[in-house]
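The values are calculated or read from the model by the stated rules, or taken from the named source; none is laboratory data. Since the model is a prediction, treat every value here as computed from it, not as a measurement. Note that each Cβ is placed from the backbone with ideal geometry, even for glycine, and that neighbours are counted across all protein chains shown.
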Amino acid sequence: MNRSWMSLAVAVVVLAIAAPAAQAQAGGPPQGGMRGGAGRMMEMLLTGITLDAAQQTKLEAIQAKYAKEMPAMTPGVRPSPEEMTKRRELNTKQQDEIRTILTAEQQATYDKNLAAVRERMPRGKSN
């Protein structure tokens, strides 16, 4: 019985180590930012906006660029004030850069979406 628990524990550890590598190879979301909240935020920012193929390619490049720069977040560990400041600064830069790939009409929709997202955020956070 003890041996089967040990085998199960080893299997769990192997899966925990292999899953992120497999996801990275499969083109999963970049580390440091495009999981969970950031992905949902991007969906909200682009609500009502249809990107053409060129814009989509540029968007993906912008997202990848900023995902590399984002401080890593560890579940259950509160980020330091410095990490949060850096995340906010990078989010603002990313949002500004994304806006430049949009048409004037898309920018108007994006600006409304951004204002709505900021309005929903807890006090003390600007992005």
Could you look through the range 36-65, keep only residues that are part of a helix (DSSP H, G or I) and polar (S, T, N, Q), and pick out the one that is farthest from Lys112 (Cα to Cα)? Thr57
May I ask you to list the residues in the range 66-89 that are under 15 Å from Leu114 (Cα atoms) and surrounded by 14 or more Cβ atoms within 10 Å (Cβ to Cβ)? none
Just a yes or no: is a residue in the range 75-89 among the charged types (D, E, K, R) and either modelled with pLDDT under 85 or assigned to a loop (DSSP other than H, G, I, E, B) (or both)? yes
Out of Gly32, Gly48, Gly27, Gly36, which single residue is on the phi > 0 side of the Ramachandran plot and at pLDDT 85 or above? Gly48
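Picking from Lys86, Lys65, which residue would you name as being touching an Asp or Glu at 6+ places or on another chain (Cβ under 9 Å) and farther than 18 Å from Gly39 by Cβ?
Working: Lys65 fails: farther than 18 Å from Gly39 by Cβ.
Selected residue: Lys86, the only one of Lys86, Lys65 that is touching an Asp or Glu at 6+ places or on another chain (Cβ under 9 Å) and farther than 18 Å from Gly39 by Cβ.
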Step by step: first the residues of the range 39-55, then only those that are within 24 Å of Arg87 (Cβ to Cβ) and without any contact (Cβ under 8 Å) to a residue 40 or more places away in the chain, then the one that is surrounded by the most Cβ atoms within 10 Å (Cβ to Cβ). Which residue is that? Met42
